[in-house]
Every structure is written in C-alpha cells, then in structure tokens.
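Each remark here refers to the structure printed beneath this line.
The values are calculated or read from the model by the stated rules, or taken from the named source; none is laboratory data. Since we're looking at a predicted model, the values are computed, not measured. No Cβ is skipped: glycine too gets one built from the backbone with ideal geometry, and neighbour counts run over all protein chains shown. Ligands, DNA and RNA are stripped out before the accessible areas are found, and what is left, the full protein with its side chains, is counted by its heavy atoms. Shrake-Rupley method; radii C 1.70, N 1.55, O 1.52, S 1.80 Å.
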Amino acid sequence: MTITTSMDDASNRARRFVRRRDVRQVFLLWLALTVVLVVFGATVPARLMGAGASPSMHAIKNTMTLFSIAAAPVAAVVWAIALYSLIAWRHRGNTQPESDGPPLRTNKPAAVLWILLSSVLCVFLLIWGLAEMGSVDAAGATSDAMVVDVTGQQWVWTFSYPQEGNIESDQLYLPVDKPVVFHVTSKDVIHSFWVVQLGIKVDANPGETTTTSVVPDRIGVYDVRCAELCGLLHADMETNAHVVSADDFNKWVADNGGQSS
Amino acid sequence: MSEAMVKLGASPEVDHGGGWMRRLNLGTAIAGGVILGAIGWFFAHHFTDSTDPRVSDQVTLITLACWAIGFMVGIGAFNGPIRWLTGRDQTHADEMFLAGKDQGVSRYFRFTTDHKVVGIQYLVATMLLLGCGGTLAMMIRTQLITPHSTFLGPQTYNSIVGLHGIIMIIATIIMVTGPFGNFILPIMIGARDMAFPRLNALSFWLLAAAIPVLLSAGFMGGIPTGWSGYAPLADQAPPGMDGYLMAIIIFAISSAVAGANITTTVLTMRARGMTWNRTPIFIYGTVASVGLALPALPMFMSAQVLLAVDRTVSGKFYDAAGGGSPWLYQNLFWLFGHPEVYVILVPAVIALMELTPVFARKPLYNFNAAVLGIVGIVGLSVMVWAHHMYASGWAPDLNGPFMLTTEMISVPTGVLFLVVIGTIWRGKIWTTIPMMATYAMLWNFIIGGVTGIYLSDVPADYDLHGSMFVTAHFHYTLMGAGLTGAIGALFYWFPKMTGRMLSHKLGLVSFWMVQIGFNVVFLGMFAVGLAGQPRRVFTYDHMFAVGNFVSSIGAYVIGLGMLVLLYTVISGWRRGPIAPSNPWGGKTLEWAVPNPIPLENFEVLPVVISDAYGYGEGDVSPGHWVEPAEPLEPAHAGAGAPDVETSTVPLQEGRAE
Amino acid sequence: MTAVTAGEPVPHHENLETVFRRQRTGVVLLLVADVAFVGSLVFSYFYLRGLNTEGGWLAKDMSIAPIWEGWALAGGLVVSAAVYYWGQVGLTRDNNVRQLKTATALATFVVLLDAVGQVAQLVSLPFGVQDSSYASEMYVIAGAGLFHLLLALFIGVGMWNRSRIGKYSASDPFQVRIVGIWWTWIAIAAVVTAFTTSFVASPNHIVGG
C-alpha cells in the first residue's frame, strides 16, 4: 500500500472526475450552451434597447450586455446538468425505479467552490455597478450644467428653463453634448420622469424635488414617458425629448420668448 | 389543549361536545357578516356627515370591519376566548368535536381544528383566488393584444390591474404554506396536530373573511393604484381601495397567527429523535417563510392603517401638503414587500427541493448547504427593501449599499441551485409531474434570478424600473418558480391529502401548456420592457405591438392550460384512481401513515433515527423512523429536551462522493 | 377525500410544563408581530419628523400634546405590570392564590383607569387628526395604545375570574406566567411610544409651509 498525501489524493480524485464520461459530456453540453447564451447576451438585450443617446445609456447597455455574458456560464451549468440528466439518467417507465441512485450526500469541495465562484462573480458585479454609478452620476452634475425644471401632473409633463428666461414647454428641448440637470417634482401624485434613450429616470414626488442629470450625445427625437402609475391616463403621459444642436436650441429658446444664457 | 382531560369510563349521558360550535358554520358566518355589516352600514350612514368628501370611505371601512367581525362571530371564533374568560375551558369532547370527529364533509365548513381539514380549506381558497386572479389576467392581456384596444377603458383596466396583483399576491403567499404547511407539515414532523389547533382554524377563517372584502373591491371601483397601493394616488382612489386595505389588515392578522402556529409547531413538536439534522428541508423552508412573514406583514398592515386614516379623516401621513410623505408609504410597503417575495418563493422552491430526492432516488445533496442557503436568503431579505426605491429619490446615497445587499442575495440563492442540480446528478430520474415541475423551476428561476441581477444594478434600474421588464422579472420568479413549485407540490402530495391519484396524462397536457404559454408571455414582455414600454398601461406605442401580441397569445395558452389543470384536479378528486399510501416511495413521515389518515395521524408516535434522504444506502440505511416498543408521551423534542435514543440501530454517517 | 375520520383518537396526557413551553413560544412569536407593528409606528413618527416635508410636520401656530400625558399613561401601565407581577410571584413562590386574585383585580383596574385616561387624551388633543402629520401620528399612536389597553382589559378580567375560580396554583402557574409576558410587553410599548412622542419639534427647519 502506497502512502499518499491528501493533496495527491485530492488531485487524483479530481483527475478521475474530469475523465469520467458523464462529466465530459456535461462539460461539452455546458460549453455549447454557454456559447449560445453568450451570443444571445451579447446581441439581443442591446439590440432591443435601441440606440442610446447619452453616455449614461451606453453604460447601461454595456452593463446589460456584460451581465448577460457573465450569467451565461452560470445558467449553462444548471441547464446542462438538467438537460443531460433527462438524456442519460432518465428512468423509463411509469412506476417507481426498482433501485435507487448512488447515495451521494455531501461534497464539501463542490459547495465551497460554488460559493466561492458565485461570491467572486457577485463582487465583480458590485464593483462594476459602483463604478458605473460613479460615472453616470458625475456625468451631468457639473457646475455649468443647464437646469431644467420638470413638473409632472396628472397627466402632462411641463418643462421650464430657469436659466433661459423661465420659458415653459410641454416638449423637452436639449442641446447636444451639454450637461443638463433636471429638478423634478409633482403637483399631485407620484409620477416618474423617464427619458428612455437617455437612460435617466427619477420619480416626481409632491412636496419634494428630486434630481437627475445627463449629457445627451446624439441628436434625435426621443421618448419621455411616465414610469409610475399615476391615475387614469398614466399611459398617455408621454412627450418627446428633442436633442438638437446648440444653434437649434438657441433658436428654439428665442422662438419661445426666452433669452439664451 | 392547555387542559386536555381524558374522558375515562362511560358517562350516563353521552356528551357530544362542541356546545354552540355545533350550530355554527360557513352559513352562519356569512349571515353574521351580512347582518353586522348591514347594521354597521346603517349606523355609519347615520353618524357621518354626508357632505364630508371622505364619507364614502368612512362608511365603506366601517361596513367592511363590521362584516369581518360579524363573520368571525358567526363562525364561532369568539367562542374560545369567551369560554376562557368565563373559565369554562374546552373538554375533551369539545376538542374532539372541534377536530371534526365523525362529521364527514360538513367539517370542512366549520371552525374545524384538524390540521388536515384546514389544509384542504386552504387548498380550495388558493384555487379560488388563483381562478379570480387568472381571469383578471386574461382580461388584462386581452386589452393589451393590440395597441389601442377599446376592450376596456382606462378606468376599468387600471382597477383590474391592481386587483389582479393583490389577489395573486395573497394567493401565492398562501399557496404552499396553506395547503401543505398545514396538512403535510405536522405529519412530516411526527406530530398529531399543530401546536395551536384553534389558532389554525382562526387563521383560515380570517382569510375566508378577507376574501369577500378583497373581491368586493372589484365592485367599488377596483384598485387603480397597482397592487402596491402607493400613496398619494391611493388617497384619490375610489372605495375599492378601502376593500384593499381592509382585506390586508385582516390578512396580516391571519398570517401572524399562522406564522406563530407553524413556527411553534416545528420548534416544539417534532418527533422524538428528529434533531435539526434529521428534519426534512421542507420544514426549514416553511418555517423560514412564515417566520419572515411575522415581522414583515405588520409593516404592510401599518402602511394600510395609516392610509385608512388619510382616506377617512384626511390624515396627513402621506399628504405632502400637510407634512406627510409618499416616501413613508414606500418604506413601510417595501419593508414588507421584499421579504414578502421570499415568503412566497421559499416554500415553493423548497417543496420542490423536498420532492426531488424522491424522484431522483438520491439523497438531498449538501443538506447543510441547503439550510445555509435558506437562512442566507431570509436573513438578507430584510436588508434589501430599498432597491425598489432606487429611482424614488428618497435617499440617493443609500442606493449603493442597497445594491450591495441585493446582489449578495444571489449567493445563497445560487446555493439552492447547487443543491437541486446536485441531487439530480447521476440520479434515476423518474419524470413524474412533480419532478417536471423541478425542471421547469430550474429554467424559470434562472431567468427570473438573472433578470433580478440586472434590476439590482442601480443605473440599469434607472432604465428598467417601472417598465414591463420588471413585470416579466417578478412573474418569472413568483409564477415561473413559485406557482410551478406549488403545482409540483400539489401533484406530489395530492395522493396523501385526498387518497386519489391525479392523472399523469392530463397533468402533462396542463404542464406543457402552462409552461410554454408562460415563457411566451414573459419573454415577450422582457422584450417590450427593454424597448421602453412602461408597466400598468392600458395602451401603448405601436413599436411595442408585436411583443404584446405574442404575450397575449401566450396568456391564452396559459389560461387554457390552467383550465385543464382545474379539470384534472376536480376529476382526480372525484374519481381518480385510489392511491396507495406511498405511491412515490418517499421516506418522509407523511408517507408512513395510511389513507385515510386517522384523526390524530399516528396510532403510536414514531421515533426518528435518521434523516429522510437515505436513498441508495440499501440495507445499511437505518431508515427514517421506527415505531417505539412502547407508546411515547406526545412529542417533546422541543427547546432544551435532550436527544434521547430509544433505538440501538447504529447511525450511518452520509458518505461523501 | 378523507371523508371518514378513521379510528378512535389515542387518549394522551400532555406534560403541563411541555404545554407551557409551547404556548410561551407561540405568544412570543405573536408578540414579534406586535413589536414590528409598534416599531413601524415609531419609525413613521421619526421619519416624518425628520423629513418635515414642506415644513408641515407641525402646522403653523399649532399647540402640541402635553408630553406628560404619554408618560403618565406609560407609568400607569408599568404600575399595572408590576402589580400583576407581584401576583404572579405570590402564586409561583407561595401558592398564594388570594394574592393572585387581588393582584389581577388591581392590575386590571389600573388598566381600566389607563384606558379611560387614554380616551381622555384622545378627545382632548389640542388639534385635529388632519392638522398635520404630527397630529395624525399622535392620534394613531394613541389609538394603538388604546387597542393594547382594551385587549389587556379583556385578558385582565379573564385572569381575575379564572384565578377566582381556582384555575391556577403553584403547580400550574403557567398561563399566569405567559400573560405576564404580554403585560410586560404592553408596558414597554407604552414607554417606547411615550419616549417617541416626547420629541416634537423637527430638527429639519424648512422655511415656509
């Protein structure tokens, strides 16, 4: 009888494990599923979200894509084992199997490895999220940001521009590439100010003013929707955000009776 | 049970026990509710100022409260306390009557304390609620099948969205703990009944009182705020909102009572020898869920009590103009609301975890990890609530910490997946409907869990919050994992609860229709959510048309599948094949009792000598339990009681792989 | 369906101590729910006071509830709990049923006085429930206190009656002890709410409103 150390023992066991037929087949299945899910995750969410119009939205789309890709191998492990079990380990017949499966109860290394990997993944997601939060919050919160006051009320949005002579409008006009800070409030119930393609959302509360900021970086017409059920015509509480060139913005301000700052 | 007296010898006059309770049943309960409700309505009208804009809420709440009290009087819920007050405690004959002895079917319509009766009552209540909620869902999806449908106007649509939500929330809270936590759990731990049989009946009948209150909201303008009932919109709402908040207040009391009962039962009434290591995982899951509900439901109740004050007497809890804050409502609500989703999810997933070893013929994998997973989820769930409020502006600096706690929940959740796939690994997979439910859960819960991680990321949530993405996420978790788990549990335990088998073929039809329909609905919903469709909208932009159309088709498939399930259950209950007492070869104690189950479950209380997962251990396994040579006193494996071995069979440690 | 209740139930005696531990567990768990509810009221009071939305925590020129009232009510409950405890100890130590009878009668009477006092406070609050969020909080906290008192009244009358007819003794004091837990809790709850409502002015000074 040879005397082996526990390390040799463990590595022997590990080697025997990976050489097993079922382990190899599950591995291949896992690989295939991971590839499919990575391709899906890398393309579909971002495609569905449409083109973003601000660094914030680009960051959000990147997050969705990255998280989807990161989730792919995890989902694939679960689904590969589930799928393989139905192919290779399925009991054919309507009655109880005559004999039982192997009495495998505890596998501490597997549990530890699993918890470790998921914790590492969790820490990674967290750090990514915090960094993303930092960049998104800093984006528009500069001292020279243009201020737009947003007022929600059942069931319209009103935008006013204190720095451009307090002009009011029910369409949101923003100059491209300029940071803008929104001060949002409500006259009645809770609404939620959501500019979809700019990737910003903050609730409009009665009696409070909330803030969000963004730097629009693409010219176009985007959707402003209410994202908090606010009564009968919540579904109709929509308007447009027009991101235009600086000149067009000044023209719009002037046309509406204000003075550009 | 505090002074249970054995009736020794024959008395000249046979005392049938029960007293007043003999005459009280569902009929007298409804009569009591209607009469007292009418009296309350009359006096409320008389004593309120009809020019007060709040008068309809005052009258509605008083009427509904009187209905509830009258209903409870009529079912005999106050009989116990009054007899206690007057010192006339229950006799043994009273207890036997209350337990439903020799009463046949009528015991299901009474204040019956037998946990098996209560379990069946909860099952019927759950099915009723799911049916109502499901019908509303069909109406919702019909409205949304095209962009500018006029099938329902905005008022009707908004009000049924909220009603659908709250009905389903209540249904899913009770769907596993109610039927199976009551019927199966005491037998599974080797007890004769619950710790507090009369509280058991009370918790069911409180729910029964609350259901008409809730459904009445549909006739009083519905719940046009969504199921979450945010103030101050909830302040504007019609009297249906009063039905909502009164139903919740009653339901919270019912839940607290049930939670105390189930937890005490498990803590103090496990069979001798059932140490925590030998306690089936379903017990852990149920106790975790109801234990979590104990501090959580009162938060919901509190939010509604304050709302009631605002609505009836113009209180200023949520009215910003008077120093109130909508953020107060949101905090109270989500302090309940997040733990609540685990109250819903954990019993369903853990029920599947309990049945998977039976259909894989393998021990539960990493039992300790499963327990840690449950504890981790429940423990963390009280620290994540404000991830529902990232976009509310209430405390932007707290968004980061809540993102941390929320993302951490993925770790113990992942452990649960490890346990299930580890149990399946190399098993002998017997693809019964319960086992198929486990596979469906593995698919649905991965999608639900991963999409939850997207939502936990603060900037991503700025895009996704309040969109259909959220709706799809929580349907994947609560319905895809939760309801699927409940259906699996139903097919698993139906033979024990009713003595009949459910049709496997019909079960297959329903299973595939529901699961395929479900995935079609909610994958389509993720798509429109990512594209920018808000939630709770009765109409939407043309750009979302395809996704919504697809979702609605899927919904009809679910509807048909659920009708097939209903037919399966009813026909199985009435004429299904008689079930053997252990059709699945399970090892937990409920499979050891014969069908029909004796009133007090066990002739002789068993002694547990090992856990219930000894599959594949052949002759070496000692088995889960033995019958002691001499009948024991009732189980007292409670706090502090030493683990006394009465068997000399040596225990086997589980062997590692 | 198990339509027939098969078999004769097995007659069994339960060890009283076992039953007591089980009932105590149940009561403690129910109290968890009550503690959560009272906690939510305390939380909502401090939260609204801290936010002082639109400066509306206290309405302009509003009188506040005299702080001593809450403390007096709490004090009454503490006295009541102490009296009850005296009765409980008399039973468990000396099997003095008379002492228990007296104690429960006295403690219940104090609860009755407290309940009357609580109602008096409610009707004499120098503001309406709709005047401000502070006002609404005071009414709800007082109402919750009254609810506790009414329950305690019922339980107290029951305990007095049952001790009078001899339900309790030194060998079976268990229900007395369990009720003692309840009595202690409602006294604590009253102290906590008195403490909470003694903080009135908001630390968040908002101009206007």
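Whenever you get a sec, line up B:Tyr284, B:Tyr157, B:Tyr567 from highest to lowest accessible area (probe 1.4 Å, protein heavy atoms). Don't jump to the answer; show the numbers that get you there.
Numbers: B:Tyr284 45, B:Tyr157 10, B:Tyr567 120 Å².
Solvent-accessible surface, decreasing: B:Tyr567, B:Tyr284, B:Tyr157.
Going through the DSSP H helices of chain B, which span 24 Å or more along their own axis at the Cα atoms while scoring at least -0.5 as a mean Kyte-Doolittle hydropathy? Before the final figure, lay out the partial values.
Numbers: long enough: B:26-47 (31 Å, 1.40); B:55-75 (30 Å, 1.60); B:115-143 (42 Å, 0.99); B:154-174 (30 Å, 1.29); B:197-216 (30 Å, 1.39); B:240-268 (42 Å, 1.39); B:281-313 (48 Å, 1.44); B:326-360 (50 Å, 1.13); B:433-456 (33 Å, 1.25); B:504-531 (40 Å, 1.50); B:545-575 (45 Å, 1.19).
Once both thresholds are applied, what remains is B:26-47, B:55-75, B:115-143, B:154-174, B:197-216, B:240-268, B:281-313, B:326-360, B:433-456, B:504-531, B:545-575.
Estimate the FRET efficiency between A:Asn12 and B:Thr275 by the formula 1/(1 + (r/R0)^6), using the beta-carbon distance for r and 41 Å for R0, to the nearest 0.05. Working shown, then result.
Numbers: r = 35 Å, r/R0 = 0.86.
With a Förster radius of 41 Å, E is 0.70.
Accessible area, 1.4 Å probe, largest first: how do B:Asp94, A:Asp149, A:Asp255 sort? It would help to have the intermediate numbers written out before the result.
Numbers: B:Asp94 10, A:Asp149 45, A:Asp255 115 Å².
Highest to lowest solvent-accessible surface, that is A:Asp255, A:Asp149, B:Asp94.
Once you place label points 7 Å from the Cα toward the Cβ at C:Met62 and A:Asp144, how far apart are they in nm?
Taking the two extended label points, one gets 4.7 nm.
Measure nothing but the geometry: give the 0 to 90° angle between the long axis through the Cα atoms of A:55-88 and the longest principal axis through the Cα atoms of chain A, rounded to 10°.
The helix A:55-88 is inclined about 20 degrees to chain A.
Which of B:Trp584, A:Leu29, A:Ala82 sits closest to the plus end of the dipole of the protein assembly as shown, meaning its Cα is farthest towards the positive end, when Lys and Arg get +1 and Asp and Glu get -1 on the C-beta?
B:Trp584
Of the heavy-atom accessible surface of the protein assembly as shown (probe 1.4 angstrom), what whole percent is carbon and sulfur? Mind dumping the intermediate values first?
Numbers: 28040 of 42330 Å².
On the protein assembly as shown, the fraction of accessible area on carbon and sulfur atoms equals 66 percent.
I need the Kirkwood Rh of the protein assembly as shown: take the reciprocal of the average 1/r across all distinct C-alpha pairs and report it in angstrom. Let's see the in-between values first.
Working: mean 1/r = 0.0318 Å⁻¹.
Result for the protein assembly as shown, one decimal place: 31.5 Å.
B:Ile39 to C:Trp71: FRET efficiency via 1/(1 + (r/R0)^6), r the Cβ-Cβ distance, R0 60 Å, to the nearest 0.05? Walk me through the numbers before you get to the answer.
Working: r = 39 Å, r/R0 = 0.65.
Efficiency for this residue pair is about 0.95.
Need the list of aspartates and glutamates near A:Lys187 for cross-linking: C-alpha distance under 19 angstrom, and skip anything on the same chain fewer than eight residues off.
Those aspartates and glutamates meeting the cut-off are A:Asp149, A:Glu168, A:Asp170, A:Asp203, A:Glu208, A:Glu228, A:Asp236, A:Glu238, B:Asp235, B:Asp310, B:Asp319, C:Glu54.
What residues have an amide H closer than 5 Å to that of A:His91, excluding those fewer than 5 places away on the same chain, when H is modeled at 1.01 Å from N in the peptide plane?
B:Ile429, B:Trp430, B:Thr431
What number comes out for accessible area per residue over the protein assembly as shown if the probe is 1.4 Å? Units Å², please. Could you put the intermediate results ahead of the total?
On the way: 42330 Å² over 1127 residues.
Heavy-atom SASA per residue in the protein assembly as shown reads 38 Å².
What is the average number of partner chain Cβ atoms found within 10 Å of a Cβ in C:44-57?
Details: counts 10, 1, 0, 6, 9, 1, 1, 9, 2, 16, 10, 2, 9, 5.
Going residue by residue through C:44-57 and averaging, the value is 6.
Near the amide H of B:Lys316, under 5 Å away, which other amide H atoms are found, from residues 5 or more places off or on another chain, if H is placed in the peptide plane?
C:Ser136
Along the charge dipole of region A:146-255, which of A:Val196, A:Asn250, A:Leu229 sits closest to the positive end, that is, farthest toward it, with unit charges on the beta carbon of Lys, Arg, Asp and Glu (+1, +1, -1, -1)?
Value computed over the given set: A:Val196.
Setting aside same-chain residues fewer than 8 positions from B:Lys116, which lysines have a Cα under 16 Å from its Cα?
Of all the lysines, those that pass the test against B:Lys116 - Cα under 16 Å, at least 8 places apart if same chain - are B:Lys101, B:Lys496.
Would you compute, from DSSP H runs of 4+ residues alone, the mean residue ellipticity of the protein assembly as shown at 222 nm, taking -39500 (n - 2.57) per run and dividing by the full residue count, rounded to the nearest 500?
Details: 31 runs with 659 residues, N = 1127.
Here the helix-only value at 222 nm equals -20500 deg cm²/dmol.
To the nearest 100 Å², how much accessible surface do chains B and A hide from each other in total, with a 1.4 Å probe?
Numbers: alone 27080 and 16470 Å², together 35860 Å².
Counting protein atoms only, the buried area is about 7700 Å².
Tell me which residues come under 5 Å, amide H to amide H, from B:Ser467 once H is placed; ignore anything under 5 positions away on its chain.
Amide H to amide H, under 5 Å and 5 or more residues apart or across chains, B:Ser467 pairs with B:Arg535.
Straight distance only, please: which lysines reach the Cα of A:Lys178 with their own Cα at less than 22 Å, same-chain residues fewer than 8 apart left out?
Partners found: A:Lys61, A:Lys201, A:Lys251.
What nm value, rounded to one decimal, do you get for the distance between A:Arg21 and B:His46 when each label is placed 7 Å out toward the C-beta?
8.6
Considering only protein heavy atoms, with the full assembly of protein chains and a 1.4 angstrom probe, order A:Asp203, B:Asp541, A:Asp8, B:Asp102 by accessible area, largest first.
B:Asp102, A:Asp8, B:Asp541, A:Asp203
Could you give the nm distance between label points at C:Arg177 and C:Leu153, where each point is 7 Å from its Cα heading toward the beta carbon?
3.1
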